[in-house]
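Structure first, then comments.
The values are calculated or read from the model by the stated rules, or taken from the named source; none is laboratory data. Only a predicted model underlies this, so the values are computations on that prediction, with no experimental measurement involved. Virtual Cβ from ideal backbone geometry, glycine too; neighbours counted across all protein chains shown.
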Amino acid sequence: MKVFDIINLIEKMAPPEFAASWDNSGVQVAALREEIQSLAVLLDPTPESLGQAAEAGADFILAHHPLLRQPRYPNRVDSYLSTLSLLFTRDIWLYSAHTSLDANPEGPVRWLARELGLQSLEVLESTVPLGPNSPLSGFGFSGILPETLSYNEFCRSLAAALGKDFWQSCGPKPAQVFRVACCPGSGHSLLTDAVASGADVYITGDVKYHIALEAVNLGLHVLDVGHFVLEEEMMRRFAADLAAALPLPVRFISGRDPITVERARSA
């Protein structure tokens, strides 16, 4: 299959015009080959994940996160140089669908909403439409549960959806949960949008100390469930969507959460 036919399909699901101005979505590394036989999808373009994709025979790799936020010269021996060497030696394309995918509310970014059964979904932060016929785009979402749950009931439902039963939280804990807001990845900039949506709980990742203080001041209960768990599953589902649409093998390469839970052991 022609490489630009694959890129065109990816960009129907992750339109480049949806990407944030600071982002680096799109082709990260070009290759000489024009015919693609196998596609790999992954979250982070780490040397480990890219190596697995290459060993699996992929000649086009789709990552969520960009290789670098800002381009730079490969002027020192590090993982960046190793990555470029691998891609150039194997003649492999690398493409990033980052905020271009995040901002498409019709795409896999809302997988958690589907697992929780959220209804009446709305975008938390709409982006400016490019024209009268431009499709809806924006970051984050909020919706209502099929029925009001106690906080503990909601946490059990969330744990089942995430496949993990631990996370960090901040802000006043609600007795009941009906409206849920979420921004996969790092959604700290949408705190006030989550409050404006009337959310009882806001789910995201990467909540830092001062953001937690802001959530307390806003009276918003925030669950930091982890950047990795939200976006790894998003890319797994994106891979499944592409596999259904493409006449070639599509392989999802599982990543590894760089953050682990460590408990002190008694002597």
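When the residues of the stretch 178-189 are filtered to those that are touching a Leu at 6+ places or on another chain (Cβ under 9 Å) and surrounded by fewer than 23 Cβ atoms within 10 Å (Cβ to Cβ), the one that is farthest from G219 (Cα to Cα) is G185. Here S254 clears all of (1) over 19 Å from S96 (Cα atoms); (2) surrounded by fewer than 15 Cβ atoms within 10 Å (Cβ to Cβ) except the condition numbered (1). Y80 falls short on exactly one of the conditions (1) surrounded by fewer than 22 Cβ atoms within 10 Å (Cβ to Cβ); (2) of a type in the set (F, W, Y); (3) in contact with a helix residue (DSSP H, G or I) (Cβ under 7 Å, 6 or more places away or on another chain), and that condition is (3). Taken over the stretch 108-146, residues that are over 13 Å from A181 (Cβ atoms) and at pLDDT below 95 amount to 12. Among the residues making up the stretch 39-66, a single one is surrounded by fewer than 17 Cβ atoms within 10 Å (Cβ to Cβ) and in contact with a Lys or Arg (Cβ under 7 Å, 6 or more places away or on another chain): A56. Among the residues of the stretch 60-98, those identified as under 23 Å from L246 (Cβ atoms) and not hydrophobic (A, V, I, L, M, F, W, C) are H64, H65, P66, R90, D91, Y95, S96, H98.
Scan the stretch 57-79 and give yes if some residue there is touching a strand residue (DSSP E or B) at 6+ places or on another chain (Cβ under 6 Å) and among the hydroxyl-bearing types (S, T, Y), otherwise no.
Taking the stretch 57-79 and keeping what is touching a strand residue (DSSP E or B) at 6+ places or on another chain (Cβ under 6 Å), we get 58, 60-63, 66-67.
Subset that is among the hydroxyl-bearing types (S, T, Y): none.
Among the residues of the stretch 57-79, not one is touching a strand residue (DSSP E or B) at 6+ places or on another chain (Cβ under 6 Å) and among the hydroxyl-bearing types (S, T, Y), which makes the answer no.
Checked against the criterion of being in contact with a Cys (Cβ under 6 Å, 6 or more places away or on another chain) and either buried (at least 23 other Cβ atoms within 10 Å of the Cβ) or touching a residue at least 60 places away in the same chain (Cβ under 8 Å) (or both), the candidates V261, V222 yield just one match: V222. Applying the criterion of being small (G, A, S) and part of a strand (DSSP E or B) to the residues of the stretch 139-169, the residue that is surrounded by the fewest Cβ atoms within 10 Å (Cβ to Cβ) is S150.
Hey, among the residues in the stretch 195-210 that are in contact with a Leu (Cβ under 7 Å, 6 or more places away or on another chain) and not in a loop (DSSP other than H, G, I, E, B), which one's farthest from P174 (Cα to Cα)? Filtering the stretch 195-210 for residues that are in contact with a Leu (Cβ under 7 Å, 6 or more places away or on another chain) and not in a loop (DSSP other than H, G, I, E, B), the one farthest from P174 (Cα to Cα) comes out as G205.
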